[in-house]
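Read through the structure below, which is laid out as structure tokens, and then see the notes.
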2 protein chains.
Amino acid sequence: MFRTIDPASDLAIAQSARLQPIEAIAAALNIPPEALYRYGPYKAKIPLDLATSAMAAPRGKLVLVTAISPTPAGEGKTTTSIGLGDALRRQGVNVAICLREPSLGPCFGAKGGATGGGQAQVGPMSEINLHFTGDLHAISAAHNLLAAMIDNHIYWGNTLNLDTRRLTWRRTVDLNDRALRDIVTGLGGPGNGAPRQTGYDITAASEVMAILCLAESLADLEQRLGDIVIGRDMNKRLVRARELNATGAMAALLRDALAPNLAQTLEGTPAFIHGGPFANIAQGCNSVIATKTALGLAGYVITEAGFGADLGAEKFLDIKCRKAGLAPAACVVVATVRALKMHGGVALHELASEHVEAVRAGCANLLRHAGNMRKYGLPVVVAINRFTADTQAELAAVEAACAAAGIRVVACNHWAEGGAGALELASAVRELCDTPSEFRLLYPDEMPLEEKIRTVAQQIYGATEVSFEPAAAQQLREFTSAGFAALPVCMAKTQYSFSADPTLRGAPDHFSINIREIRLAAGAQFVVAFCGEILTMPGLPRHPAAERIFLDAQGNISGLS
Amino acid sequence: MFRTIDPASDLAIAQSARLQPIEAIAAALNIPPEALYRYGPYKAKIPLDLATSAMAAPRGKLVLVTAISPTPAGEGKTTTSIGLGDALRRQGVNVAICLREPSLGPCFGAKGGATGGGQAQVGPMSEINLHFTGDLHAISAAHNLLAAMIDNHIYWGNTLNLDTRRLTWRRTVDLNDRALRDIVTGLGGPGNGAPRQTGYDITAASEVMAILCLAESLADLEQRLGDIVIGRDMNKRLVRARELNATGAMAALLRDALAPNLAQTLEGTPAFIHGGPFANIAQGCNSVIATKTALGLAGYVITEAGFGADLGAEKFLDIKCRKAGLAPAACVVVATVRALKMHGGVALHELASEHVEAVRAGCANLLRHAGNMRKYGLPVVVAINRFTADTQAELAAVEAACAAAGIRVVACNHWAEGGAGALELASAVRELCDTPSEFRLLYPDEMPLEEKIRTVAQQIYGATEVSFEPAAAQQLREFTSAGFAALPVCMAKTQYSFSADPTLRGAPDHFSINIREIRLAAGAQFVVAFCGEILTMPGLPRHPAAERIFLDAQGNISGLS
């Protein structure tokens, strides 16, 4: 049986699964039980001293799972990462999976939970989706403490001479709450401060999240927190968080959050689930500490990056791997026949019927992503995440298109079968990992910022032209002269298209990218280039998932899948 | 040695303490290790099913620790609760302590942590002060999810016809952030909603916190969450949270937070630390579930209530005990010679010198509080929490004043000596508990709301007159006719005086209490009467404690004491 869409199934499968005690999962990685910092029977943090030892002796092969441009049809990066990990474990390989941790916002919004699906899930499902080990709450608290200390500094006399019109540090909450995007604070008279305009972003968009996921030690974390630029003073000087004396307290709030979390797949494969930054305004992948700890403890490490490969994989490679000195051994590009049909022009309600021509046309999106991964020197395999309605002719069309480009394709059925459905993919990945790696970054540190942006837009997106609004050009000059020229660029673009126009599916040509704004993430150590409007605080849909979440008298939660 | 004030000491003592594994602490309460939901080696939640069994068979004697009206000199309710618990344990008594859990706001503001002091502390100190088991974060998330769903409902067409000018549900954050007291949300155009004025309270002031601390089961929690009144519709009808379909998701977010937390004193006495509502706009004591679980597992249960006895104890008795059917066996009123001097008119910087007359005058505050506790039929003992500078003549003055009123006084030295310094207090408490209890509530449910307010103001505060602003009188009529007449009243008054004027120390006479506003907490099931302006969002001081919190390379945190 291939996948049939039944929203009750993920929950039913998760609830009927027998998870192993987390001590047993840790034992597979040679972590002694007394070293674990447990959160109940099925979750634990790996203490930082143990993580640091593991990080010092990497031995694993790193496999990146990325995808085509997302569509409403769904692709399945997380399920494929889980299925691949379970398949490798079935083949006797010592493997760990590294995933991002879910945000509460999407859980209560349109998306639901983020723990995979079908037989390819991580657990305990409701605990991972809600609160987990508290990392996102700690990030919100640290972020908002800095905000409170900025306003408090102004209230008590503003000796730093902060320009309240040029403060860029906002506040954050781990919910979808559009009413908080743009607010005025400090109303009600002098006792409450002075009115100023600011707003909230969702926690995944916080620079503190990006920092936590790039820091390699407590000292590195504290240094980066201090480096955060919160805005400008009346002389337009960039002001850092350490000038507010906020860094120690922020680091204290984040001390436990920095330690990686261990959970498991339903088949018992170790899963590190740690950190979850946005993949447009931030790097979009799990923490460096979790990835490096896994590489010290397992022979194969499977990790995913957010959105399509143009956003998530590009940032994983050019930001995370660059900064952390990581070199992936292979790359899996996930696609579904359904999504390829949409890239080929078929509407969502038409996906149940066969459309071979559309599949063929949609493969242009897949092939550009796969080709991009080869530009980094990565061996690539395409994984087709199968659905019930896929026809043989449609699958053959994908295979033919990839064969013509010299790319191997494997159809997988992990959603229905768990690791047993991804054994062929696992074998393919192991073969790729045994070929010598030629991983290279897309651009060198010393390339000017403007040129880095052009390189990504042209080499990865396929843009014919790249233009800069005058304000963006000015910001680039300022950040360059302020000493930030060697930072990588973090492109904030819609995930739905290679272009900046979300309606252009497939592999559009002859489009231009216009950079309208540049922001500095001095603590995270990248420069964000905005190609259009990017929402950093989602809204809830007309009928949010929260309305369908229920608790029974035994405390079982439904509605999170 | 008696207490000397050295801010480094609490931290040094806490860091040098050897905590026992939480399994050993649980074993003293006959909780098997496999039943615990652990958070690292020293913290655990008692799962709700186990808590429910314990609640069904109460066997312990409940001892309330309250205090004189607070002054900047400090009283020490928490340290006395801990010292008394440790002393009882030294006497071979099976005892548990029930405390409130700290809020992050005061930790980073003026107050520092809330885990006791000297040799009378609970641990692990920095973990309890920061995040603990995540309960406050869960409460913030549930509170703010409801807020987001209200604004989302309006955004998508407002079918409930909510009057956006009459929405009383605000947002919450567990920080001191005065700039958020009064804000305008929904700016930036139609995509962000419509502008409206609202604000943030600190999490301890959230009705969700009050509800969590009064609910006795998941079903009770969900019922109360649904009962929350979020404001009015255009016909002035009170609108409930359940009409937003928010209740299931809120309960799911709070599922784990409802389970009580177990920690320990530095001497190894079990300490339930769960819930922490404000003691002016809410009931000011730890959760009913924790207290009742402790009563099922231990022979003596020591608990504290916030601020002075006029606020904390009155609410503990008339709200928590009334609703939960609890009957305390005895009451300890804590005072310090230093604080009595301040109540007698001595300034803070003069406290080091002997002022026998001032101590004698300040005893008026102590005697009114102790006398009030007797009105509830409670046997009372006064505990003098000793400081180095206390003189024999000053202590004798307290003893003489209490003796004249027929009240026993015990001087304690638990701050310096731990349980060994409170053995006499422990013996006195056991004697009181062995006398037959005559506990009675101050007023019956069926007394009209206005009369309940008058009763508390006159019987407990000593007010000669009670007046109602026209708006308050109108609100009382409305809430009465809407069916809320049988609820208890929760008085929101300054903690610094029996009167509504915080500068009137001691035991003022001939003052009137003016009720300016009535608010309904329909989920928590009480009616809040405001006697003056009450801040529900504190601000940070000029030099917040956050500036002095540091993390060393090993992850040790300083500055929280």
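Every number in this text was worked out from the coordinates using simple rules, so none of it is lab data. All values reported here derive from a predicted model rather than from experimental measurement. With ideal geometry, Cβ positions are generated from the backbone for all residues, glycine too; neighbour counts draw on all protein chains shown.
Things worth noting here:
- Antiparallel content of DSSP bridges confined to chain A, in %, to 5: 40 percent
- Listed pairs A:323/A:493; B:61/B:493; A:77/A:315; A:236/A:320 exceeding 26 Å between Cα atoms: B:61/B:493; A:236/A:320
- CD proxy at 222 nm, helix term only [per DSSP H run n ≥ 4: -39500 (n - 2.57); per residue of chain B; nearest 500]: -9000 deg cm²/dmol
- For residue A:166, the residues 5 or more places off, or on other chains, whose built amide H falls under 5 Å of its own are A:232.
- Each Cα pair under 8 Å and six or more residues apart adds its sequence gap; the mean of these over the residue count of the range A:363-416 is a relative contact order of 43 percent.
- Rounded tilt (10° steps) of B:470-479 against the dominant C-alpha axis of chain B: 80 degrees
- Partner chain coverage, peptide B:74-87 - average Cβ within 10 angstrom: 0
- Formal net charge of residues neighbouring residue A:261 (Cβ-Cβ distance under 12 Å; K, R +1; D, E -1): 0
- Order of B:331, B:412, A:433 under a 10 Å beta carbon neighbour criterion, fewest first: A:433, B:412, B:331
- Applied to the range B:29-43, the Karplus parametrisation 6.51 cos²θ - 1.76 cosθ + 1.60 on θ = phi - 60° returns per-residue 3J(HN,Hα) values of 9, 6, 9, x, x, 5, 7, 6, 9, 7, 10, x, x, 10, 9 Hz, with x for Gly and Pro.
- Peptides A:391-403, A:90-102 ordered by packing proxy, namely the average of other Cβ atoms within 10 Å per residue, highest first: A:90-102, A:391-403.
- Shown in residue order for the range B:238-249 are the 3J(HN,Hα) couplings computed by the Karplus curve 6.51 cos²θ - 1.76 cosθ + 1.60 at θ = phi - 60°: 5, 10, 9, 4, 5, 5, 8, 6, 9, 5, x, 5 Hz (x for Gly and Pro).
- Using a cutoff of 8 angstrom between alpha carbon atoms and counting only pairs six or more residues apart, the relative contact order for chain B works out to 22 percent.
- Hz values of 3J(HN,Hα) by residue in the range A:179-191 - Karplus curve (6.51, -1.76, 1.60), Gly and Pro given as x: 5, 9, 4, 9, 9, 10, 9, x, 6, x, x, x, x
- Neighbour net charge for residue B:93 - beta-carbon separation under 11 angstrom, K R +1, D E -1: +3
- Projecting the Cα atoms of B:530, B:53, B:479 onto the charge dipole of chain B (Cβ charges, centred on the Cα centre) puts B:479 farthest toward the positive pole.
- Inter-chain neighbour count for B:515-525: the average number of beta-carbon atoms from partner chains within 10 Å of each residue's beta-carbon is 0.
- From the alpha carbon centroid of the range A:314-387 to that of the range B:356-414 is 77 Å.
- Relative contact order of the range B:63-153: 22 percent, from C-alpha pairs under 8 Å at least 6 residues apart in sequence.
- In straight-distance terms, cross-link reach from residue B:341 covers every one of the aspartates and glutamates whose alpha-carbon lies under 18 Å from its own, apart from those fewer than eight places away in the same chain; here that gives B:75, B:350, B:354, B:357, B:390, B:394, B:399.
- Take each residue of peptide B:252-261, count the partner chain Cβ atoms within 10 Å of its Cβ, and average: the result is 4.
- Residue exposure sequence - A:13, B:82 - by fewest surrounding Cβ within 10 Å: A:13, B:82
- Chain A: angle of helix A:356-375 to the longest principal axis, Cα-based, in degrees nearest 10: 60 degrees
- Using alpha-carbon coordinates, inclination of helix A:218-227 to the longest axis of chain A, degrees: 50 degrees
- The range B:379-469 - convex hull of the alpha-carbon atoms, volume per residue in Å³: 171 Å³
- When each of B:363, A:285 is scored by the number of other beta-carbon atoms lying within 10 Å, the sequence from fewest to most is B:363, A:285.
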